[in-house]
1. Kindly provide the helix-only [θ] at 222 nm of the chain, computed as the sum of -39,500 (n - 2.57) over DSSP H runs of four or more divided by all residues, to the nearest 500 deg cm²/dmol?
2. Between the helical axis of 143-159 and the dominant principal axis of the chain, each derived from Cα atoms, what acute angle in degrees is found, rounded to the nearest 10?
3. Using Cα atoms only, what is the angle between the long axis of helix 78-95 and the major principal axis of the chain, expressed in degrees (0 to 90) to the nearest 10?
4. Classify segment 120-164: rounded, prolate or oblate, from the alpha-carbon gyration tensor (a ≥ b ≥ c, eigenvalue square roots; a/c under 1.5 rounded; otherwise prolate if a/b is larger than b/c)?
5. Among 175-183, 78-86, what's the highest-first ranking by average C-beta atoms within 10 angstrom per residue?
6. Scan (1) 56, 39, 32; (2) 52, 50, 34; (3) 47, 42, 28 for the value of Cα extents along the principal axes in Å calculated from this model and give just the label.
7. What whole-number distance in Å separates the alpha-carbon centres of segment 72-142 and segment 150-194?
8. Expressed as an acute angle from 0 to 90° and rounded to the nearest 10, what is the orientation of the C-alpha long axis of helix 177-192 relative to the principal long axis of the chain?
């Protein structure tokens, strides 16, 4: 197995473990054991747990971020960029539990250094591009509020999906990715018309 294959396997395994257990509860030995390698071998790829964690966040978010940014850079009208972005983000949320869990874990167990890295390194380009699209649609909008509101809608609705059918008015249709996409798009359009 090549160095690149081993590193990718480590990142994938670390993502699953960090999403399930969090940063503080895991040791490098735990991660090495889950990767079926010895701890010293893990240190050949990452100098410490913090470096591995940051690389894991970049790996997981990078898998999603490139496609999302492409939606926001496409040569189409701004509203279509936003609608395409929301549709893709909804598909990603529905299909990638690890991505959702890592992000939500970061918010629930806030560590300022982790949050700064997430905001300034991992998410910055996508958020800036989204900000620009919001301003292109409505120059008078609050793009920061809209960006954080869209993140909240995406993460909350998909993370809460198992609970939704049990709540009053819940239905299978209201759990579908298509239903959530259409309603999140409508909410954003409504907010941008103000």
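1. It comes out at -23500 deg cm²/dmol, rounded to the nearest 500.
2. Compared with the principal axis, the helix lies near 70 degrees.
3. The helix 78-95 is inclined about 40 degrees to the chain.
4. oblate
5. My ranking of the peptides, most packed first, is 78-86, 175-183.
6. Given (1) 56, 39, 32; (2) 52, 50, 34; (3) 47, 42, 28, the calculated one carries the label (1).
7. 16
8. 60
Quick note: the coordinates plus some simple rules give every number you see, no bench work behind them. Remember, predicted model here, so these are calculated numbers, not experimental data. Virtual Cβ from ideal backbone geometry, glycine too; neighbours counted across all protein chains shown.
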